[in-house]
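Written out below as structure tokens is the structure these notes cover.
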Amino acid sequence: METGRGSPQEQPQQQQLTIFYNGRICVCDVTELQARAILLFASREMEEKTRTPTASDAISPSLHSQIYSPTGLSMKRSLQRFLQKRKNRMEATSPYHR
């Protein structure tokens, strides 16, 4: 088996990688090694942000109130009721249900 410089075994395959960042879409041809390096770099950045949040990264008060408002809780309860009723309907129509 010949492993010369031009052989396909030595040349890493490139595939398209799509990155969504800061409202932009970037499509690049990268090797598997490059893709792994990008993912490793991004995961390190996320770990840093979760460990030491800055003032600009903090949740805005209005967003915080929307998430934890009574309306949000009622929506959550409504979704839970809907899912439970759907589960009951599925079980009732099951061919194995007696």
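Taking GLN84, is it at pLDDT 85 or above and surrounded by 10 or more Cβ atoms within 10 Å (Cβ to Cβ)?
Yes, satisfied.
Would you confirm, using the coordinates I've provided, whether SER94 is at pLDDT 80 or above and either under 30 Å from LEU17 (Cα atoms) or loosely packed, with under 10 Cβ neighbours inside 10 Å (or both)?
no
I'd like the full set of residues that are at pLDDT below 60 and assigned to a helix (DSSP H, G or I), limited to region 31-60.
Listed by number, the residues that qualify are ALA55, SER56, ASP57.
The values are calculated or read from the model by the stated rules, or taken from the named source; none is laboratory data. Values in this document were obtained by computation on a predicted structure and should not be read as measured data. A quick note on method: Cβ atoms are made from the backbone with ideal geometry, for glycine too, and the neighbour counts reach across all protein chains shown.
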